[in-house]
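Only one structure is covered here, and it is reproduced in the block below.
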Amino acid sequence: MTNANPPKKRRWVLGLVVLIGLALVVTVANGIRSGPIPPTVGQGPGQGATTTPGATVKPAGCPDVQVVFVPGTYETNPGADPAVPVGLLKAVADPLGKRFQDQPGRLSDYFTPYIAQFNNPTPYFTSEQDGVRVASAAIADTVKRCSGTSFALVGFSQGAASAGDLATSIGQGDGGIPPEKL
């Protein structure tokens, strides 16, 4: 019996997935950097949003773009803190966060805390779909509070499959946000 996915092919596909994710993040980052500067956002709870004349009001705590990271197999769990970068995608999130640290309200990240297992003990498909469910719920929660926020999805390994399934749902008009918000 031969292995249907020899190691070189798996590394090549994995590399391609990582490059696509990085390209998405760079594209989002360039769009944020080159776009108009939004109204200033209050820094603390209850401070509300402040604006300049003629500007759209942006609720406090609402980013222009939320990057939803979906970590790979065994890189996270349902109890993980979504505010703490983990796994291989930490190497993407940290520099992106530093790039926009002086622009509060422009960018936030969310590390999807899902099962992230491969048949030990949860079957891959169940785990992958949990990633879709949790990432989708995070987007829906943000949309409730922040209707003007756009999103980027970045996944690694199993998380790339989850992000891809969610992106497909959004692209087909069934993902909780209009496709142009992704």
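General remarks:
- Stokes-Einstein translational diffusion, segment 57-104 - Kirkwood Rh over all Cα pairs, 1.306 mPa s, 10 °C, in µm²/s: 128 µm²/s
- Derived value for segment 59-182: Kirkwood hydrodynamic radius 14.4 Å. Basis is the mean of 1/r over every pair of different alpha-carbon atoms.
- Taking amide H as placed 1.01 Å from N in the peptide plane, Leu107 has its amide H under 5 Å from the amide H of Asp64, Val65, each at least 5 places away in sequence or on another chain.
- Whole-number accessible area per residue in Å² for segment 143-182, which is evaluated in the context of all protein chains at 1.4 Å: 46 Å²
- Summarising the label geometry, the points placed 7 Å from Cα in the beta-carbon direction at Asp81 and Ala140 lie 2.7 nm from one another.
- ³J(HN,Hα) computed for each position of segment 143-151 - Karplus, 6.51 cos²θ - 1.76 cosθ + 1.60, integer Hz, glycine/proline x: 4, 4, 8, 9, 5, x, 6, 9, 10
- Across segment 59-76, computed HN-Hα scalar couplings (Karplus, 6.51 cos²θ - 1.76 cosθ + 1.60, θ = phi - 60°) run x, 4, x, 9, x, 5, 9, 10, 8, 9, 8, 10, x, x, 3, 6, 8, 8 Hz from first to last residue, x flagging Gly and Pro.
- Each distinct pair of alpha carbons in segment 101-173 adds a 1/r term; the inverse of their mean, the Kirkwood radius, is 13.2 Å.
The values are calculated or read from the model by the stated rules, or taken from the named source; none is laboratory data. Quantities reported herein were computed from a predicted structural model and do not represent experimental measurements. Counting neighbours? That spans all protein chains shown, and the Cβs are built from the backbone with ideal geometry, glycine included. We work out accessible area using only protein heavy atoms, side chains counted, and drop any ligands, DNA or RNA first. Shrake-Rupley method; radii C 1.70, N 1.55, O 1.52, S 1.80 Å.
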